Structures are given as C-alpha cells and as structure tokens.
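Engineer: I'd like to ask you about the structure that follows.
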Amino acid sequence: MVCFGSTTTAKTARGVLNGVGTQGLAGRAADGLRNMGIDVFKVGNTNKIYAQSVLLARNSNPQIALLGEYLNCTNIIEQLQEEPLVDATLVLGEDYRALNLGLSADSGLRRP
C-alpha cells in the first residue's frame, strides 16, 4: 500500500533504478520518495546510462501520471505487464537533479 499525498491506494508500489552510475543514487532517491510517503519496493541499477529520467508505468494506475507530475518527470513510458511486481519504476537519468526528490547535492555520492 502507498500513500501519495493524502490518498491511499491498495497494491501500489514503486521501484527506483540508478541509470547514471553514481554509487548510492537509487537508494537516496528511494529515501526521498519514502520521506514523501511513497512506498518503494525495489531499488537497483541499470546496465546502461540514461540521459533523461523516465517513469515506467507497469500498469494503468492513474496515480502514476500524478506521481510523474509531482516529481517533475515528464518522460512517462507505458510498459504494461499482466502482474507487475511494482506499478511504476523510476529510472534516474543524468537529469535527476531536476526531479523533485531532494537530490540536488551530490554529497556522499561518487561514480565508481
């Protein structure tokens, strides 16, 4: 269950993937989402570098578009799955500082 703002919706979970290569970035972004009351179920890395952050919609939950708007992530792509583990996956790109996650400072983060 996730709380987005003051709305509670059953079976809504998010994933965060680091598409930049900066060590610890996905974990910090997940912490930022959790601080906003958003459930994060999966944190990991991608195997390539993304120039732009993208929010991957795994199902047709209307709150995914609201989340994208709130996070300032306009790049939303539907990758619908029958029974997804998460409703949406945020892939952090090199523009991650523009997202509403509180990640503007890179203190404690380093590229491998």
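Engineer: What number of residues within segment 52-71 are surrounded by 15 or more Cβ atoms within 10 Å (Cβ to Cβ) and not in a strand (DSSP E or B)?
Structural biologist: Looking only at that region, the number is 11.
Engineer: Going through segment 77-97 one residue at a time, which ones are more than 22 Å from Arg34 (Cβ to Cβ) and modelled with pLDDT of 90 or more?
Structural biologist: Matches in segment 77-97: Ile77, Glu78, Glu94.
Engineer: Take the residues in segment 1-24 that are more than 18 Å from Gly102 (Cβ to Cβ) and among the β-branched types (Val, Ile, Thr); name whichever of them is modelled with the highest pLDDT.
Structural biologist: Per the stated criteria, the residue is Thr12.
Engineer: Let me ask something else. Any idea which of Gly44, Gly27 is modelled with pLDDT of 90 or more and either assigned to a helix (DSSP H, G or I) or of a type in the set (Phe, Trp, Tyr) (or both)?
Structural biologist: Answer to the check: Gly27.
Engineer: Another question, then. Is it the case that Thr74 is among the hydroxyl-bearing types (Ser, Thr, Tyr), buried (at least 20 other Cβ atoms within 10 Å of the Cβ) and at pLDDT 90 or above?
Structural biologist: Taking the combined requirement at face value, the residue does not satisfy it.
The values are calculated or read from the model by the stated rules, or taken from the named source; none is laboratory data. Note that the coordinates shown come from a computational prediction; the quantities given were computed from them, not determined experimentally. For neighbour counting, all protein chains shown are included, and Cβ atoms are generated from backbone atoms with ideal geometry for every residue, glycine included.
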